[in-house]
Amino acid sequence: MAKEKKESKQLMGQKESEYVTTLLGTPVINYHVYYRTKKDKLIHFLLMMACGCVVGYVFFGNLALDEYGSKTMLTHILNVVIPVAIGMILIVVYAPIQTKNLKKKRDATLRNQFRDLLDCLVNSLASGKNVQGALEDALVDLRMQHSAKAYIVSEVQLMISGMRNNIGIENLLIDFGHRSGIEDITNFGITFQTCYRKGGNIKQVVIKTNEIISSKMQMEEELRTKISSNVNEQYVMLVMPVLIVAVVKGGNAAMAANYASPVGIVTSIVCLGIFISAYLIGCKIVEVKV
């Protein structure tokens, strides 16, 4: 039902809400979407504008020179307009990518915190505590490990409040799994629900889930370590074309004039397009998915 409502909103062009209602009727973060904060937007604006101005000036600076190679009024105007225009284009184009990256970072943080929750539950359940008691102990430990504003702390507080209001823990976990959009949390909720209703060994479910998540995260870390050199090379290749063009244009007036010609401008635009496409493809290649 929730999926159908989400698709309906998308078809109608409506933005999905930043917050959703829990089983207790309280609003919580909608992990399926990410809306950038003012700080995120400011950092993004400054960084993209700086990159756009540098690239714009290096590739398209000093156009419309007179027959003596001197700057004209039009040259000064273009030296401002073109870099700023490229910066604005980068701001618009890269905004969805930044949002996607920030959402991935938040999801990774939530999954790490969920693993810490499982660690706490294993220890409490092993000492003979029931599920609610284990969650209460976990809440104390998680506040010490992270902070009172951590995602998992809010979720555990919600679970404890739900149980105190006679809402089944299995339903709360299923709800958390659906809201999180993270496969490991969703699968844990479903498994816990089945086991809890049929009187299974909850402790073993928690231990096994913890082992699986830890194994996957270790595998991801190993993959990132192996491709770290490729990622570094990608960043170097991101800067090299700009540096090369800057050195060539700065050290050779004839080459600088060629870049300012119609053929040079078209060639620069085509090369920039190829360069950006190669960078985006490279990001897909080095992306780690387990």
- Across the stretch 160-188, the tally of residues that are of a type outside the set (A, V, I, L, M), farther than 18 Å from residue 136 by Cα and either modelled with pLDDT of 90 or more or assigned to a helix (DSSP H, G or I) (or both) stands at 10
- Within the stretch 189-209, restricting to residues that are surrounded by 14 or more Cβ atoms within 10 Å (Cβ to Cβ) and touching a residue at least 24 places away in the same chain (Cβ under 8 Å), the one that is nearest to residue 109 (Cα to Cα) is 209
- Query: residue 254 versus (1) among the small types (Gly, Ala, Ser); (2) over 29 Å from the mean Cα position of the chain (by Cα); (3) under 27 Å from residue 126 (Cβ atoms): which is the lone unmet condition?
  - Reply: (3)
- Any chance the stretch 80-92 includes a residue that's outside any helix (DSSP H, G or I), surrounded by 13 or more Cβ atoms within 10 Å (Cβ to Cβ) and either of a type in the set (Val, Ile, Thr) or without any contact (Cβ under 8 Å) to a residue 40 or more places away in the chain (or both)? no
- Exactly one condition in (1) within 29 Å of the chain's Cα centre (by Cα); (2) at positive phi is not met by residue 199; state its number. (1)
- Note on the structure: Subset of the stretch 121-151, residues modelled with pLDDT of 90 or more, part of a helix (DSSP H, G or I) and among the hydrophobic types (A, V, I, L, M, F, W, C), comes to 135, 138, 139, 140, 142, 144
- Note on the structure: Taking the stretch 55-76 and the residues there that are assigned to a helix (DSSP H, G or I) and either polar (S, T, N, Q) or more than 21 Å from residue 266 (Cβ to Cβ) (or both), the one that is farthest from the chain's Cα centre (by Cα) would be 73
- Note on the structure: Scanning the stretch 123-147 for residues that are touching a residue at least 60 places away in the same chain (Cβ under 8 Å) and of a type outside the set (Val, Ile, Thr), the one nearest to residue 162 (Cα to Cα) turns out to be 125
- Note on the structure: (1) over 30 Å from residue 115 (Cα atoms); (2) modelled with pLDDT under 85; (3) surrounded by 13 or more Cβ atoms within 10 Å (Cβ to Cβ) all hold for residue 236 apart from (3)
- Task: With the checklist (1) touching a Cys at 6+ places or on another chain (Cβ under 8 Å); (2) surrounded by fewer than 16 Cβ atoms within 10 Å (Cβ to Cβ); (3) under 30 Å from residue 215 (Cβ atoms) in hand, flag the one item residue 142 doesn't pass.
- Result: (2)
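The values are calculated or read from the model by the stated rules, or taken from the named source; none is laboratory data. Values in this document were obtained by computation on a predicted structure and should not be read as measured data. Don't worry about glycine lacking a Cβ; one is built from the backbone with ideal geometry, like all the others, and counts go over all protein chains shown.
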